[in-house]
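Shown next, in structure tokens, is the structure this report addresses.
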Amino acid sequence: MEMIHVEEISTSALRSRQISSIHHLRQISFTPKRSKKSEVIYKFTQQNLHACKLSLTPQLVISLFLLMGIIFVPIGFVALHASRSVVEIVNRYDTECMPDEFKSNKVAYIQDISVSKNCTLAIKIPKFMKAPIHIYYQLDNYYQNHRRYVKSRNDKQLQYGLHYIQTSSCMPEEYSNGYPIVPCGLVAWSMFNDTYSFVRHGAPLFINRKNISWKSDRDHKFGEKIFPFNFQNGTLIGGKTLDPTIPLSEQEDLMVWMRASALPSFRKIYGRIEDDLDADEVVFVNIGNNYNTYTFGGKKKLVLSTSNMLLGGKNDFLGLSYITTGFSCIFLAVFFALLHVKNQRPDHDTSHFSWTRKNTIS
Amino acid sequence: MRHTKNIRNKLKWSLIYSFSCVRPRSEINKEGGTHGHGDPSYSRIVHCNQPSHHKKPFCYPNNKISTTKYNLMTFLPKALFEQFRRVANIYFLMAALLSLTPITPFSPISMIAPLAFVVGLSIAKEALEDWQRSVQDMKINNRKVKVHKGQGIFCHNKWQNIQVGDLIQVEKDGFFPADMLLLSSSYEDGICYVETMNLDGETNLKVKRSLDVTTSIDGYQAFKDFKATIKCECPNSNLYTFVGNLELNHQLHAIEPSHILLRDSKLRNTDYVYGVVIFTGHDSKVMQNSTASPSKRSRVEKKMDKIIYILFTLLISISIISSIGFATTIQYKVDDWWYLDPTHTTDFYNPSRLFISVTFHLITVLILYGYLIPISLYISIELVKVLQAKIINSDICMYDELTGKSAKARTSNLNEELGQVDTILSDKTGTLTCNQMDFLKCSIAGVSYGIHSSEVEMAAVKHMESESIDVNDVWGKFTSDQLGDPDIKVQKKMIKEFSFEDERLMGGKWMNEPNSDVIRLFFQILAVCHTAIPELNEETNSFTYEVESPDEGAFLVATREFGFEFCKRTQTSIFVHEKYHPSGNTIQREYKILNLLEFNSKRKRMSVIVKDDVGQILLFCKGADSIIFDRLADNGKKYLEETTKQLNEFGETGLRTLALAYRTIEDSEYHAWNTEFTQAKTTIGPDRDNLLDHVSELIERELHLVGATAVEDKLQEGVPQCIDALAQAALKIWVLTGDKMETAINIGFACSLLRQGMRQINISAQNICDVKNDISLQITSASNIIDREIDPRAAFALIIDGKALAYALEDDMKFKFLKLAVNCASVICCRVSPKQKALVTRLVKEGTKKTTLAIGDGANDVGMIQEADIGIGISGVEGMQAVMASDFSIAQFRFLERLLVVHGHWCYKRISKLICYFFYKNIVFGLTLFYFEAFTSFSGQSVYEDWYMILFNVILTSLPVISLGVFEQDVSSDVCLQFPALYQQGPKNLFFDWTRILGWMANGILSSLIIFFLIIGIFYDQAFASNGQTSDKCIIGTAMFTSIIWTVNIQIFLMINHFTWIQHVFVWGSIITWYLFLLAFGNLSPIISGHAYKILEEVVGPAPIFWFVTLLIAIVCNIPYFVRSSFERMLNPMDHHIIQEIKHFKNHLKDKQMWTREKSKARQKSKIGFTARVEDKIRLLTNKLNK
């Protein structure tokens, strides 16, 4: 009781008492066995852990912006340069390959099996193109990313074939004539079936159509022993017919097609020319214009492009974005520097405290 | 009979306190008992001591109480209902149910798992909390009390088994288990003392008495044969009324409230009582008074709901836009899209059944865009708050060594509300004060004795010392004048309730003082004029005193120490041992008590008329100074001037003062008066009290002033400092107390809520017919005075008593009253009932629309604690009710400062930032889904893989934000305490106002646009990899998702001010986790990973563009925020920014003067607290010196 009373009487104020109690605890926690651990726990619960505090001083802000500018602008120029070094030739052929008499009724033309769909384009190479030259077909206004389309496939069937029969996701291309379809689904069914062959100096130019798909697709996603079955046998024929003697794992154009594009305008790789093409050279392309894009007014383009280690294809946008950002940062650095000069506020400036401001106003 | 035999041995104590011996018998005979069974107010019939009647037809509940929200049966449905009252949860439930149908854009598991997790965790938390409540109930229900088993035998039984009509024996210091009618007590005349601390917070003992017919019931035979019937009112919540009668032996006796012992009050000073149970369990008055604890939600959280509604609006509008787009597509275009095989459509894409298709689509996109609504927000907030609560609980600075209790956050959902408090409503007894009086100073014959300073003074001195204020000369004068040398703090022997220290009076030295005869008289008055009962402590051989009010105890202890030991009281006499008699021996003096004129709040004094051992008739009077001074004889004013001056000084330092006076009465005068007095006492009727007062007035005149006492109502440790600190943080403090006005005002002074020079506005109910009008007038005129005041330094204090408050709280007047109260620097409400406390709290809460905090320790504070936005219970010595009802409990009032200024401030900022960030990140993520829709002809396809989306909220972005919510601090705790003004950022709501919220949303929208269009622009149609491969949906999705992860994590990195290793681990860990996940996911079987098979190692990883894009986007998205905050810091910095800068450059070490100056400037100019008082004093003194 006496102890307590002394406590009450003693004048030690709140703070010093708290401090003493902290010391008290510290002393307890500094017992030799577990000192370090308890110290950490103590600091943790008291929220006293060592911390670095980011203070956005004008100097820091200006130098950060400057730093970003200095990094970004060069990257931008490098990227832009890389993009400019890529040679890309785009040829739209869906209208050019249309015989004049069908111009008014394109759909009839493409659906008429009796009409020859072949046509020839002459492409003039503007610049030297170093092998490998990638051949792409580009479709516009084609919604491969439509939900109904994306869903209409079955990965298990692609891998395990007919052993796997739960293919309801493939609707409406699940069964044909009462038999399951392999590969099922709209995606496979609507596969692109235009063909290209190249002639240079009167001799055919070899197109390598191997290795156009991802290796993982070939090895793991498309079954080695799965052969197309009952494919394109229905009343409605979609796109390309697959050779039932070749397993899916070797049908690389199918794999490329099955990777649904994200945007309604997309390119897909067709093959590669493994010879250099010289500037001003003319290359003839024989096109089998079989794929129906006329119904929905989609464009078809043939694209030849060299590639670049850094960017892949021709891509000015990345470089430009970097350059813009970099210059914006430098601009901001200058802006903040000016602001700082004009509105200099010493580090220990206290005039901006709300209480000081309030007093000066009143 | 037994009791007649004992009558001479036993004292009728009640006679000392009351006039019950001559009080007219309140007995109603048969004719008077007009109330019958048919009367609705008498609908309860209790058959006393007849267990056979327990069941039919009077089936009253037993004494079991339950304060839990749920029971086993109702838990699941009720808890689920609670969970799904949150509109967001309903939405997610619908989404989860729909995910089982083909409408869903995601797999069912990705919808159900997060919801089950979130709801499950919340329900588990509810269950735990309710379990704790039921354990508490169980403890109470299993308390034991003695119950009559029949045949006059009493056995211990659990509280919960008590039935209406049972006979109960309660022993000394026991709680009453139910509302009972007092039958008899250990005292012969059937009185007993109860402490109603838990009901109304008053610690004064109250006298209860039994009906005269039952007083004799004691012993074997009496209980065996006792049979009676009570007819009474139905259970109700009114503590101070009771209507009913007792039928005993075919006679009716009216029962009054003074016959009733209420549950949860405590038997004191009485060995045992017998009672018969009337109301049990939830029927009892105290339980009727308790309202179901409301579920409180913080302001921030309520606002958050609004934000959720905004997001829902956004969600619905973008869904409708999508659906319109979808409808146009399938109406006009899809027919031509042969690759979708439109001839074999289902209802989902059927142009001929457009309406159904669109409806289905609308549902699909509503689910798809659901990522706008952060499902994990609630659970993250709950988790963060629980962790915050843990930190509050484990704060060593809020640990009380004396009681071994630490602060406890009992509900964690109000943490941030602590940072927004505007008004504190505080109970007094047990909260601000310890309810312990300390005799500290006195003034005898105009000389002031006692060198100890009161706590207030010491706090002020301490404060002055710590501040290097340039007025040391002024202050030096002030302190040496008033305090003596503060270093003399002798602590040799400490006696409870006695801190007096003055060589001149101690150890009999008073006899050498010039006015020793007056001093002797002073001690005599203190030793005789009281109502206490001495008890000999066998161990120490000294006396302790059972007293009605604690200051009497302090007086008696003081007189004992001075050598006048009150040792015995008989029916007619008081015996005092006088230690320092001129003869040198201890002698015993007897004072014959002739009359006792008792204290009441109207008289404000008590007197005792005694005949001393030489046969002289003396009247000793003690009372409020103003009352005594008015009744002084002309020749009794010798010391008036000095005494008045000293009384003012005492009052100013927060001491409770009483003036002492005496007069000698001639025998003839006394006898003439006594006849009149006896007549008045025996008067029957309502005039009796007035008459008595009047007669007393006649003898209490021509007094001679002796001196004055000053006792300190001992404040809890650190209360003045804490109040000062809170006042500096610009918090308003109201004191609501059940105590009388004088006490309340004293404490007001002690806490520096009141000071000299403050204009006091007293509003109290007068005894006139139109009270209401009168109070209205008082309020109006007070308001006018305040309005007319032009001096900005003028401070007003409003003091209002319970009766006046009853009128002031009526609907037509309450806002007028509130307006007045808000304009006053401090408000003290005294004599308020628990209900009024709650009403005042509600008025402040609803009237000011600001956050209120109620703090109290007793059961009488429960209403207030529950009503306020935040209720804080003091887990003091007695009673757990307040703590049980509270949201936070702390061991002492002084911890409130740290709880609010440090934890409240932190939690408010943390939660605000956390919520803003949550919305930001989900907007960034959700809107990219929407933009993508526009490129898929609004078909409802998502660009991300399902698993990315599941992980986004739950794993990839949750931990950094939790670390922000738990560990973020803008400034350290020391700085928070040193700069109380920082606290105002909370009540002003600077961090969660609409501009800030909308700013964050705009930031989110901007970021989402940048991310989406940069990704689309860069991955458009050309090859992205060096082998000529073009991108597909999965690659774009992955790149976009990676950019989002980087963006939102860099964003939180910029938001965090306080980086410990934890934040670093979480922020960078989240980013690394994403890549690890991508790697692991890509290596699962392609059946599971689908398009994402080997995505990182084979597809995106080797492509440099993937990494460059991430870098670009992470930086670009954060430039707007970075520019904005740099701009703000540079041109318009907030307080914590500057402090951070000062700390960063260590300027507070280099320029200590500046630091000290800013610290003192940062205190809000407040009109209360001792800083204000000291400043006021200094101003006055400076003015004086200048003159």
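Rule-based calculations on the coordinates, nothing more; no lab input. Keep in mind it's a predicted model, so treat the numbers as computed, not measured. Positions of Cβ are backbone-derived with ideal geometry, glycine not excepted, and every protein chain shown enters the neighbour counts.
In table form, for the structure just shown:
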item: Reference-scaled alpha-carbon Rg (2.2 N^0.38 Å with N residues) for the stretch B:140-295; result: 0.98
item: Restraint check, B:Lys206/B:Lys296; A:Lys103/B:Lys333; B:Lys69/B:Lys428; B:Lys637/B:Lys1184, Cα-Cα greater than 24 Å; result: B:Lys206/B:Lys296; B:Lys69/B:Lys428; B:Lys637/B:Lys1184
item: Dipole moment magnitude, nearest 20 debye, the stretch B:293-372 about Cα centre, only Lys, Arg, Asp, Glu C-beta charged; result: 820
item: Neighbouring partner chain Cβ atoms per residue of A:211-220, average, 10 Å criterion; result: 4
item: Helix-only mean residue ellipticity at 222 nm for chain B, each DSSP H run of n ≥ 4 adding -39500 (n - 2.57), per residue, nearest 500; result: -14000 deg cm²/dmol
item: Relative packing of B:1030-1040, B:1087-1097, which averages over residues the other C-beta atoms within 10 Å, highest first; result: B:1030-1040, B:1087-1097
item: Part-to-part distance (alpha-carbon centres) for the stretch B:71-125 and the stretch B:202-253, which is given in Å; result: 55
item: Using alpha-carbon coordinates, inclination of helix B:299-328 to the longest axis of chain B, degrees; result: 20
item: Distance (nanometres) between label positions extended 7 Å along Cα→Cβ at A:Ala203 and B:Gln766; result: 12.5
item: Under Karplus coefficients 6.51, -1.76 and 1.60, residue-wise ³J(HN,Hα) of the stretch B:348-358 in Hz, glycine/proline x; result: 6, 10, 9, x, 7, 10, 4, 4, 5, 4, 5
item: C-alpha center-to-center spacing [the stretch A:116-183, the stretch B:899-958] in angstrom; result: 35
item: Candidate aspartates and glutamates - alpha carbon under 15 Å from B:Lys837, same-chain residues fewer than 8 apart omitted; result: B:Asp200, B:Glu202, B:Asp427, B:Asp739, B:Asp801, B:Glu810, B:Glu846, B:Asp857, B:Asp861, B:Glu867, B:Asp869
item: Karplus 3J(HN,Hα) series, Hz, for the stretch A:56-62 with 6.51 cos²θ - 1.76 cosθ + 1.60 (x for Gly, Pro); result: 7, 7, x, 4, 5, 4, 4
item: Gyration tensor over alpha-carbon atoms, chain B, equivalent ellipsoid semi-axes in Å; result: 70, 39, 24
item: Inter-site label distance for A:Phe331 and B:Glu1128 at 7 Å from Cα along Cβ, in nm; result: 2.4
item: Under 5 Å, built H, 5+ apart or other chain: amide partners of B:Ser184; result: B:Tyr274
item: Cβ-derived FRET efficiency at R0 35 Å, B:Glu641 paired with B:Asp212, nearest 0.05; result: 0.10
item: Unit charges on C-beta of K, R, D, E only; dipole of the protein assembly as shown, Debye; result: 1500
item: Counting DSSP beta bridges with both ends in chain B, the antiparallel % (nearest 5); result: 75
item: Options B:Gln588, B:Ser237, B:Phe117, ranked by Cα towards positive dipole end of chain B, top entry (Cβ charges); result: B:Phe117
item: Two-site label geometry, B:Lys681 and A:Asn105: point separation in nm, points 7 Å out along Cα→Cβ; result: 12.9
item: Value of Rg to Rh for the protein assembly as shown (Rh from inverse mean 1/r over Cα pairs, i.e. Kirkwood); result: 1.12
item: Qualifying lysines (Cα of each under 18 Å from Cα of B:Lys568; at least 8 residues distant if same chain); result: B:Lys10, B:Lys12, B:Lys579, B:Lys592, B:Lys611
item: Span from the the stretch A:292-315 Cα centroid across to the the stretch B:517-571 one, whole angstrom; result: 106
item: At R0 = 45 Å, FRET efficiency that the Cβ-Cβ distance of B:Arg85 and B:Met813 yields, to 0.05; result: 0.80
item: Prolate/oblate/rounded label for the stretch B:626-726 (Cα gyration tensor, a/c 1.5); result: oblate
item: Total formal charge among the other residues, if their Cβ is under 14 angstrom from that of B:Phe952, Lys/Arg +1 and Asp/Glu -1; result: -1
item: Residues with amide H under 5 Å from that of B:Asn1083, placed H, sequence gap 5 or more; result: B:Lys1094
item: Partner chain coverage, peptide B:809-821 - average Cβ within 10 angstrom; result: 0
item: Residues whose placed amide H lies under 5 Å from that of B:Ala1023, excluding near-sequence neighbours; result: A:Gly313, A:Lys314
item: Mean separation of Cα contacts under 8 Å (6+ apart) over length of chain B, as relative contact order %; result: 12
item: Reachable lysines, given that their alpha-carbon falls under 17 Å from the alpha-carbon of A:Lys151 and they are not under 8 places away in the same chain; result: A:Lys221, B:Lys1033
item: Angle in degrees between helix B:834-848 and the longest Cα principal axis of chain B, rounded to the nearest 10; result: 40
item: Principal-axis tilt of helix B:667-682 within chain B, Cα atoms, nearest 10 degrees; result: 50
item: In Hz, Karplus ³J(HN,Hα) per residue of the stretch B:136-148 (6.51, -1.76, 1.60; θ = phi - 60°; x = Gly, Pro); result: 4, 4, 4, 4, 5, 5, 9, 4, 9, 8, 7, 10, 5
item: FRET efficiency estimate (nearest 0.05) - Cβ-Cβ, B:Trp1061 to B:Thr313, R0 51 angstrom; result: 0.80
